[in-house]
Amino acid sequence: MLAAENVLFTVAMCLYFAAMIFYFLFTALKKEKLSRIAIGVQALAFLLHTAALVCRGIGAGRLPLTNQYEFAASFAWGLCLVSLIFILKFRFPVLGAFLTPLIFLVIGYAAMQSREIKDLMPSLRSNWLGFHVSTAIIAYGSFGVSAVVSAIFLFRSRMKDEGFWGQHVPNREKLDLISYRSVCLGLLFLTFTILTGAIWAERAWGSYWSWDPKETWSLITWIIYAVYLHLRFNRGWRGRSAAIFAVIGFACVLFTYVGVNTLLPGVHSYK
């Protein structure tokens, strides 16, 4: 199973790269057929990526969510899943040209991590593992999509409203709406992540909250996006300021994932 996982993971990573190239060609050559090919290649990569994670889980005898390699691979999977949903729902293939490089970077980061399978520490041997980490994956993927859409929003005023860009890139109001919906999805799942983590922590260590660096930065991230929604609902906050806020929020997500693990060791350092 682990040998199959290696092959599937490598092929999926190559297909993500191919999808990125097709998306780039679509935006450069402005041919509709290339967008359909790009989406198809990305969807195939997602299916093989899913199969690789399943093989990893079977080979390891547990959910593949407990170390840097597994979480990074799952993070890329979550980004791909949420991006495909938004690309298809809003008929927005140009989004893939901006998101597939991010997916490729994350899965490339995963490829550089150790794939060694080790015995789980006692605190990880819990049914709460799947709930806690899987909700984090969807949350991070949603925030990634929101950040990319917000970045497109910031450059939308430089794109002509007619021709290719006018046809394939939504107007600023719709981009703002897409980003908002992605933040809502991400915040919902991040809330589940924090709640399930607190329950798990109480059962593993006897305390719902210990101010571990990962816990603290997850809370900071939650507060940032909660403030975003508060300002939107109560102050009518939209447009450029909201877009910048969403990009900053995702920077916080990346620090919570990569920076905390690297610079601030704690009980979550096994990820």
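Would you confirm, using the coordinates I've provided, whether A3 is part of a helix (DSSP H, G or I) and closer than 18 Å to G144 by Cα?
Details: part of a helix (DSSP H, G or I): yes; closer than 18 Å to G144 by Cα: no.
No: the conditions fail for A3.
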Of the residues that make up the stretch 65-85, is at least one within 20 Å of the chain's Cα centre (by Cα), modelled with pLDDT of 95 or more and β-branched (V, I, T)?
no
What residue, among those in the stretch 42-87 that are surrounded by 23 or more Cβ atoms within 10 Å (Cβ to Cβ) and in contact with a Cys (Cβ under 8 Å, 6 or more places away or on another chain), is farthest from A110 (Cα to Cα)?
Q42
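Return yes when V133 is within 13 Å of V82 (Cα to Cα) and not aromatic (F, W, Y) and no when it is not.
No: the conditions fail for V133.
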From the list R172, R125, pick out the single residue that is over 18 Å from A251 (Cα atoms), in contact with a Phe, Trp or Tyr (Cβ under 9 Å, 6 or more places away or on another chain) and either surrounded by fewer than 22 Cβ atoms within 10 Å (Cβ to Cβ) or among the β-branched types (V, I, T) (or both).
R172
Check the stretch 211-231 and report whether any residue there is closer than 30 Å to F90 by Cα, at pLDDT 80 or above and not in a helix (DSSP H, G or I).
no
Any residue in the stretch 130-153 that is modelled with pLDDT under 90 and surrounded by fewer than 15 Cβ atoms within 10 Å (Cβ to Cβ)?
yes
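The values are calculated or read from the model by the stated rules, or taken from the named source; none is laboratory data. Bear in mind that the values here come from a model prediction, so they are computed numbers and not experimental data. When we count neighbours, we look across all protein chains shown, and the Cβ atoms used for this are built from the backbone with ideal geometry, even at glycine.
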